[in-house]
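Here is the structure we will look at, set down as structure tokens.
Nothing in this text is a laboratory measurement; each read-out follows from the coordinates by a stated rule. It should be emphasised that the depicted structure is a prediction, and the values quoted were computed from it without experimental measurement. Here Cβ is always computed from backbone atoms with ideal geometry, including for glycine, and neighbour counts include all displayed protein chains.
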Amino acid sequence: MAVKSESDNTPLPGTVFSPRGVRILKVVVIAMGVLLVGGFIFVIGVIAYQASNLGQGKSSTPDKPATASSNLLPGTETELAIPAGATVVSMALDGDRLALHLNSSAGPEIVVIDLTSGKVISRIGLNAQ
């Protein structure tokens, strides 16, 4: 029968650690390793989830609820009524809004269109001073 001659708090030969301290240190190192690997897996999973949902976020105008009938599908066409003889000078796109700078015989004008619904949001007449 083996008899334990040293107490649990006696340092191991050549070290300052006791057998109890070594066991605690092993448990802490293993737990930290598991947390580190789990954290990496979580971060990679979140990145993959966010990358798979690109472009499916909320619109920039949360004040009106989006309905299936009001949203235009990609590739659908809509028409904009502009004055006869008017020409498009320039266009600018910002999110789901399109601004058209028109020149006509009545004068220059800026038309802002909501691309999700295809409706004209505002018409701004430009007057020289």
Practice item. Would you mind estimating how fast the range 16-57 diffuses translationally, via Stokes-Einstein at 20 °C and 1.002 mPa s with the Kirkwood radius over Cα pairs, in µm²/s? Key: 167
Study note, to complete from the structure: So S105 and L25, fully extended at 0.36 nm per residue minus their Cα-Cα distance, gain in nm 20.4 nm
Review point. For M32 and E77 in the same chain, what is the full-extension length gain: residue separation times 0.36 nm, less their Cα-Cα distance, in nm?
Key: 10.5 nm
Review point. Sorting D96, D114 on the 10 Å Cβ count, fewest up front, what's the list?
Key: D96, D114
Check your understanding: When the chain is fully extended, how far beyond the present Cα-Cα distance does V120 get from Q50, taking 0.36 nm per residue of separation?
Key -> 21.9 nm
